[in-house]
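Okay, structure first, notes after.
What follows is calculated from the coordinates using simple rules that are stated; it is not laboratory data. In this text the structure is predicted, and so the values were computed from the model without any measurement. Here the Cβ is made from the backbone with ideal geometry for all residues, glycine too, and neighbour counts use every protein chain on show.
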């Protein structure tokens with residue numbers, strides 16, 4: 001979870017999984033070295049043409065730090081749609097003193113905690129992973145994770161996903177590829193939640 005989330009998507013998770021008896025937790029990066037708050041509050045996406053004031057944004061509190069997450073405690077790990085995947089890939093600029101001929105750009109790109117979490121999760125076939133709309137962006141720092149996977153995603157991210165070796169099928173709006181569930185957009189969130197739940201039960 002991060003800012004610019006889609007409120008309807010979050011409501012579908014709370015309600016859809018809640019009706020099935022599941023516990024839903026919102027996870028994000030809370031640990032920034034010396035700065036380690038207990039919670040983080042994020043704001044939903046707001047279209048300035050429809051809602052010109054940021055005060056109209058919905059708020060969501062994350063209470064679990066992504067670095068402290070134990071995958072064995074969960075049945076599924078979902079990447080929120082829209083721009084949270086972009087924000088959670090942020091590694092920051094390295095210190096100038098660390099940049100030199102031996103600087104490892106790829107290691108730097110792969111260093112954000114959420115990127116590392118999803119890389120570990122993709123290796124665990126018993127854990128269901130879900131990516132709605134833009135969510136697959138969280139995997140792109142590790143291109144091998146997408147190779148050979150059959151997915152659907154928003155056109156905005158399709159080029160990245162295609163060049164990482166995934167098979168994109170736009171004929172379906174929700175796709176289950178073994179332990180990975182993908183959805184085209186927020187409009188498919190109900191069917192997506194049902195598909196994730198079915199994959200967990202399977």
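Extending 7 Å from Cα along the Cβ direction at residue 91 and again at residue 126 yields two label points whose distance is 3.1 nm.
Report, for the chain, the % of DSSP beta bridges that are antiparallel, rounded to 5.
Working: 9 of 22 bridges.
Roughly 40 percent of the DSSP beta bridges within the chain come out antiparallel.
So how do 26, 131 line up by other beta-carbon neighbours within 10 Å, fewest first?
Numbers: 26 18, 131 27.
Going from sparsest to densest Cβ surroundings: 26, 131.
Taking label points 7 Å from Cα along the Cα-to-Cβ direction, residue 158 and residue 110 give a separation of 2.9 nm.
Once you sort the root eigenvalues of the Cα gyration tensor of the chain as a ≥ b ≥ c, which label holds: rounded (a/c under 1.5), prolate (a/b larger than b/c) or oblate (the other case)? The shape class here is rounded. For segment 39-129, taking Cα atoms only, Rg and Dmax work out to 16.8, 49 Å respectively. Helices in the chain, meaning DSSP H runs of at least 4 residues, each add -39500 (n - 2.57). Divided by all residues, the mean residue ellipticity at 222 nm is -7500 deg cm²/dmol. Of 163, 137, the sequence from fewest to most neighbouring Cβ atoms within 10 angstrom is 163, 137. Just the Cα atoms of segment 103-200, one point each, no solvent: what log10 I(q)/I(0) does Debye give at q = 0.15 Å⁻¹? The calculated log intensity ratios at q = 0.15 Å⁻¹ are -0.55. Here the spin labels are modelled as points 7 Å beyond Cα on the Cα-Cβ line, and at residue 23 and residue 61 they lie 1.7 nm apart. Using the Cβ-Cβ distance between residue 36 and residue 172 with R0 = 30 Å, the FRET efficiency computed as 1/(1 + (r/R0)^6) comes to roughly 0.10.
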